[in-house]
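Step one of this worksheet: look at the structure below.
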């Protein structure tokens, strides 16, 4: 399906004008407030309990709203934010190394390859300093120096140390902070928490998001939940590639269902491939594990100079090694941004210098760091990561270099939102990785945690007031025909999945879709590969609906049914992802079109034709989608060819 | 490798269960334990049988979802390793491996290897937090935290809430879980205002949920995939006595 139409441009009407430094203050002042005693009359649904959802749920409940919150895991503490390792950025300038809000803003816009909104990114940089204060007050045990001050480290794409961390478990510690704040509100009766409950569809009435349909994963009961506003904090869609660093349960159903109900989906082709993951070990591989980018602070990346060199790494002398990142990008060295490091690794492997099984790997070597700092210091910084590596590979990274290879990690694309984080569908708010807004075409390390918490603790709670205060919401009951309709559609779909009774497992389809996307729409994309993908995805989807098998019934804990429902949505989502990649004929950030590169193989943007957000409107089953462009304007950072040399 | 798996199968919370034997052949030592269950489940599904239900999500040892007693030990034979991080190279060709759910009254079985651990969430919501509503925080550097204190807090905060400590304990006690949170928050300057109420309330909830008492067996710390030390329980007892003496009960 390559047919699509171009609709009217879309504009972000919520962002105020004026100097960029004042815009967030302006918006907070112009946003209407809800009187504290009226807040308890408003119900807000929050789907997801990761950094964005957890912090939003807790904060909205603290403000006095009635929150109804959902997660598919058995506890809100298990959302996949928990697995983030490296750290969280904040423009505190505690190191006195020239950092500032403006520099974090600049680094993020540049790191995103000039495909994000200036207003949003500036606000993110401003709010970053408050996040650290908030988390420290909650008891998040960030790494500290002997004097009791907070420690920092450096991440890719920047030349300052602004990353706060808790060993290699920063995401876990921040998430537990949000989870504890959430737990306090649950105990206070301000949040009705539904764990092991998965959203199946969005209820839209009179053009406004008014609720969701969700399935209790234990009993199988499919129920409707109604509210005055719906917040989606459901994470990214990286699992569409089957093998990714996402959790097994991470899925795109909530955002895809919202898209089908009218919410625009922006820049789905912007997917981030993380350079430092543990290579796959065989066909049985069920997921990939990240090794934090922070390792590139002290680890040196290299490959043998000679093609097909099968010697053990320790037997390869220094002058026969190519530390290619240090050679090609002398000023950033091993700390170039993720998209650049990933492509460079792919190029080395494509040229036959890769190491390990199948030649799909490069070395990340700590020998120099251990010699310089001592093993204890290296262990203190990265001990848990080294242990994890050893458990998975059976190799000891203190003695032999790690082998790493790029893998799908993060989705910069997501539902379109305005400056208020509200979708084009009124009353639908989208926060964290589920939205598209702040990272452009490439996210810098340690910025996902920052954005999730910025959205949940500070941005959404300020902007959602404005929507609720404007009122005009008619009462809606569970017997409303529009509500019943969505519920019965969700039930029908589950029944259809159960009734195919074919011969192929859900996983076999998921693996096939993932391999196809990785091959045709992964680290390098071409007109030919994308057209091929667009041919094959609809066929695979058709096969799925003809020959998938889901055992059991809908009225019980049925993990295959859960998976089948998610994979069915991935099979639709994939087509839009590939179409977006086909239409965007430029290269930018994580989206690399082989037709658009500089003579030395770097991504070449086409600002004249593509300096816009591609926001897709669902056209209906069997009809092509409608593309709405949001032109991007750069008043403070002048787009240039990114250079990290 | 070829393995014999004996897995606890139980169709629902109120149904009876039993150990069922499955052979799996041609699996690789590089596979994770959960990947073996994936292989088995695909085979069962293709044969029209019910796959084995088990909790799992991140498969990186950090979300705390996976929870299996393997050959009588929570998370299996490797120290400080969750089930999802356990690889077949820890077993030998031809091994017979028993796989069971967590066994503890406060963790009722939902299906097969899936149990209900919501009692842990209720322990946390009864006091396992620092009251700090969004927007109220002082500048992060206004309170210094000595590195050893921050490290102690961190060591205890790494608990993933998997429940292995309860599964390992002959009394089904949740002392190590509760102690880890109390040690995390009570050691920090930010946690001092609620120091006494926190420990009293969390211990009361722990008891009300039906967890057993601690008899210092130490199985919990041996089974903990994150290496939470047994000394945290001693600390919990001290904190509890301190709070009682402070008259906050």
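Couple of notes before you dig in:
- Verdict on residue A:219 being in contact (Cβ under 8 Å) with a residue 12 or more places away in the chain, assigned to a loop (DSSP other than H, G, I, E, B) and more than 24 Å from residue A:573 (Cβ to Cβ): yes
- Check on residue B:216, modelled with pLDDT of 95 or more, under 30 Å from residue B:75 (Cα atoms), in a helix (DSSP H, G or I) and assigned by TED's automatic domain parsing to the domain that holds residue B:153: no
- Subset of segment A:59-84 (residues that are part of a helix (DSSP H, G or I) and more than 7 Å from chain B (Cβ to nearest Cβ)): A:60, A:61, A:63, A:76, A:81
- Residues of segment A:17-37 satisfying the condition of being buried (at least 16 other Cβ atoms within 10 Å of the Cβ) and under 15 Å from residue A:121 (Cβ atoms): A:20, A:23, A:24, A:27
- Across segment A:465-487, not a single residue is classified as within 14 Å of chain B (Cβ to nearest Cβ) and surrounded by 24 or more Cβ atoms within 10 Å (Cβ to Cβ).
- Any hit, segment B:156-169, residues being under 23 Å from residue A:165 (Cβ atoms) and surrounded by fewer than 16 Cβ atoms within 10 Å (Cβ to Cβ): no
- Residue in segment A:117-124 that is away from chain B (no Cβ under 13 Å), crowded, with 23+ Cβ neighbours inside 10 Å and assigned to a loop (DSSP other than H, G, I, E, B) present: yes
- Residue match in segment A:525-545 (condition: crowded, with 20+ Cβ neighbours inside 10 Å and within 14 Å of chain B (Cβ to nearest Cβ)): no
- Only one of the numbered conditions (1) at the interface with another protein chain (Cβ under 7 Å from one of its Cβ atoms); (2) closer than 30 Å to residue A:427 by Cβ is violated by residue A:144, and that is (2).
- Count of residues meeting criterion [in a loop (DSSP other than H, G, I, E, B), more than 7 Å from every other protein chain (Cβ to nearest Cβ) and more than 12 Å from residue A:75 (Cα to Cα)] in segment B:113-130: 2
- Filtering B:87, B:75 for residues that are surrounded by 20 or more Cβ atoms within 10 Å (Cβ to Cβ) and at positive phi leaves a single hit, B:75.
- Where residue B:12 falls short, out of the listed (1) more than 17 Å from the chain's Cα centre (by Cα); (2) surrounded by fewer than 16 Cβ atoms within 10 Å (Cβ to Cβ); (3) under 21 Å from residue A:390 (Cβ atoms): (3)
- Note on segment A:232-258: residues that are farther than 19 Å from residue A:455 by Cβ and either in a helix (DSSP H, G or I) or in contact with a strand residue (DSSP E or B) (Cβ under 7 Å, 6 or more places away or on another chain) (or both) total 9.
- Test: residue in segment A:296-303 that is more than 14 Å from chain B (Cβ to nearest Cβ), out of contact with any strand residue (DSSP E or B) (no Cβ under 8 Å at 6 or more places or on another chain) and either over 30 Å from residue B:40 (Cβ atoms) or buried (at least 19 other Cβ atoms within 10 Å of the Cβ) (or both): yes
- Segment B:142-164, residues that are out of contact with any strand residue (DSSP E or B) (no Cβ under 7 Å at 6 or more places or on another chain) and facing another protein chain (nearest Cβ under 7 Å): B:144, B:146, B:153, B:154, B:157, B:158, B:161
The values are calculated or read from the model by the stated rules, or taken from the named source; none is laboratory data. Just so it is clear, the model here is predicted, and its values are computed rather than measured. Every residue, glycine among them, receives a Cβ derived from its backbone with ideal geometry; neighbour counts consider all protein chains shown.
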